[in-house]
1. Quick one: how many lysine pairs in the chain have C-alpha atoms under 27 angstrom apart, if they're 8 or more apart or on different chains?
2. Expressed as a whole number of Å, what is the distance separating the alpha-carbon centroids of region 509-556 and region 425-490?
3. Within the chain, what whole-number % of the accessible surface is contributed by carbon and sulfur, with the 1.4 Å probe and all protein chains included in the calculation?
4. With charges only on Cβ, +1 for K and R and -1 for D and E, what is the dipole size of region 476-603 about its Cα centre, in debye, rounded to 20?
5. Report the antiparallel proportion of the DSSP beta bridges in the chain as a percent, rounded to a multiple of 5.
6. So how many Å³ per residue does the convex hull of the Cα atoms of region 99-226 work out to?
7. Rank-order 327-339, 348-360 by packing density, defined as the average count of other C-beta atoms within 10 Å over each peptide's residues, highest first.
8. Distance from the Cα centre of region 1-57 to that of region 299-372, in angstrom?
Amino acid sequence: MAVLLGLTCGLSLSSIAGARRTQSAYPRFLRSAKASTMSVTDGIFDPSTDATVASFPDVVQARTYVSFNVVVLVGGNPDFGQDLEPSGTLDGRFFDQDRFAPTKGRRPAPGRPDEIAVNEFAATRFGYRVGQRLELGLFSQEQAGDPSYHWHPPPPKQRTTVTIVGIGLFPDEVLQDDGDRTTRMLLTPAYTESARAYVTYGFQGLVLAHGDADVDATKRRFATVAPPGTSLFRVTSVDEFHALQAVRPLSIALGLFGAIAGLAGMVLVAQALSRLMRLERNERAVVRALGATPGALTGGTLVAPALAILIGTVIGVVLAVAMSPAMPIGPVRKVEVARGFDVDATVMGLGALVVIVVLLALTAATAWGELPHRVVNRRRSSARPSGIVTAAASAGIGPAAVTGLRFALEPGDAATAVPVRSVIPSAAVAVIALVGSITFGASLNTLVHHPRLYGWSWDATVIDGRGYGNLQIDKAHALLDHDPHVATWSGAYFGSDSIDGRDVPLLGMDPGSVVSPPILHGRALEDPSEAVLGAATAAQLHRRIGDTVTLAEDGGPHQLRIVGIATLPTVGIVHGAHTSLGVGAIVASRLVPGFDRDITNNIGTFGPNAIFIRYRRGTDTRAETARLQREVAPIADLAMASVVPAERPAEIVNSSSVGTAPALLAATLVLGAVVSLGLALGASVRRRRRDLTLLKALGFTRRQLAATISWQATATVAIGLLAGLPIGAVVGRASWNLFAHKLEVVPEPTVPLLALLGVVIGAVAIANAAAAIPARTARRVSPSQALGGD
């Protein structure tokens, strides 16, 4: 019993501690990486502006990353297929602030212009490896802006042969939306200094004295030094929120698995100790007859179980600590800052205390109930026969089936009673867990494969310059209005602003837009004075439908009435603030700061940053998207328009990490139920040898004796199925609805009927498999034993 308790307790404590460690991994990584509180840019790199921003009263530290037109050269010619985004720095960003985290190799030496690192996405896409050498070509803005640049590139301004010394992750890439995935290259301060004259843009990271409390003031100050409508911001706490949301499914599954494993272990141990104490009834009766008091009997009975419980708990704690290097799990494991052994004193201490207290209490209650005078009283009151058994006998079913039902539902005489009824709740709980986990897993699969549920209620999105460019609306009408496969479309603008003092990413859409994100509660925009909030943003602002919020737009504050709560899509500018699950707001297009931003300076072409397209029913989505991709270039200011399918938020991307956790959770309970059933059947055969030998003496064949045990197992599981199937489906749906609410997606639970049919068939088969050994024992009983003692 001590070993069994140690194994289950260790698995439980390890899983629960691992869940806490997994959930806290990303915030701990951000602290170790010295992450910026926020990032700001006006689209260009101006050292004097950076110096002014760094001198703001709330700024503790400021570091800037800059970019260039750097291309990988192959055979001396640019290979535009290797479209790496260069990230350089003059003051140490990604080296001493927002530190790049190598997962292979190391961070480049700041003073070496010939060393670089690439992110994991680039390494996977282009097959890069540590130690590989690349030749880089640096081009000026004028060269890159020439129409013939991609077809007849001029000689680069600078050539540099570099070595990839590290592959890893930038701080915002650990748990990332699809839309933010870009191939990136980290250049050293030494290289950046040599290429300083060719910088294209910069993004400044700021560490603020009071964290998010200083964000709004810093934004207002930045607006005074940046050209109107050019300010872009990204707040790290928003990324952290999405990261925690993304890892939460894995943490919940791991913690739930640990809790159920611990519960199953305690149930098994408590049942086993109870059976052992029942076997010592005769010894206790003798000791009681010799004058032992009830208290002394109870205390004596508890000595061995208490010792087993204490030893098992110690084994469990030691095992949990030994298993701790396997945690955390999922994407955050790559950036875990404290790998190796970990002692979670809270989990270990409280967990061990709960196990000891609960098992000692259950064991003490059993020991008190097993006192000789209480056993005698129970013998005097014969148990009522089961109504199900009586009905089965009246229906004329076979004697083996009736006897099996009796063995399953009637414990028998108190002297040789078998705790068979305790197995039925275990079977029911196992079925509930299995059906609940199957329902949860099916609902998760439905979510992952239906973008509408996580905000993309359209088929494709045309986006210009990764969200920084403006599409020309007249040309968009000419292209899309005459496309027979396009049912309808709507434009959208990207930006961010302060709502009631909190920085919120915005999606600007015209009131009455036909294509818009799915509304959870309320309705979509119908007037410029209205707003639709993401569920998480509404909760953070403590606002509901009908309340009023203040949007601190550049032209003056606007009072907006909340008319809806939506599941917002993950869409917006790359590396900048954008809407995602639960976070953000939909407002009228002209209320988005910088909605008329046009980085090509083509005045009068301030179209949307993106267009959401819904195809007609029956359209081949892939073929139409590919065709549009070939035709959208003329409607983009940047000539970089792309047609993208639904982009998954980090929460959905990371859902694959949950993997088989629900099934593993259910398998643990099923295994516990099978063990419990097998032990109960074995005890039943041993304690009912007289019954079995009498049945054999009265004419039962060996096959009928084996069938009796099989019927006992089948009846036990059948009752568990009758109770567990409907309850499990309800539990699974309720769990999914709660999970979907926490994840800020459209709740749409799925109950897979075919899978539940498989559960029924599998449960009966497993029960009969568990009954195989006890049934073989029953076949071998000898009628001569009916005349002898046990």
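1. Working: LYS34/LYS104; LYS34/LYS219; LYS34/LYS334; LYS104/LYS334; LYS334/LYS742.
For the chain, qualifying lysine pairs total 5.
2. 21
3. Working: 20430 of 33660 Å².
With neighbouring chains kept in place, the figure for the chain is 61 percent.
4. Working: 7 positive and 14 negative charges, 82 e Å.
Here region 476-603 has a charge dipole of around 400 debye.
5. DSSP beta bridges in the chain are roughly 80 percent antiparallel.
6. Numbers: hull volume 22.0 nm³, N = 128.
Taking only Cα atoms, region 99-226 has a hull volume of 172 Å³ per residue.
7. Working: 327-339: 19.4, 348-360: 17.0.
Put in order of decreasing packing, that is 327-339, 348-360.
8. Cα centroid of region 1-57 versus Cα centroid of region 299-372: 28 Å apart.
The values are calculated or read from the model by the stated rules, or taken from the named source; none is laboratory data. On a predicted model such as this, the values are computed, not experimentally measured, just so you know. All Cβ positions, glycine included, derive from the backbone under ideal geometry; neighbour counts span all protein chains shown. Remember, those area values only see protein heavy atoms, side chains included, never the ligands or the DNA or RNA. Shrake-Rupley method; radii C 1.70, N 1.55, O 1.52, S 1.80 Å.
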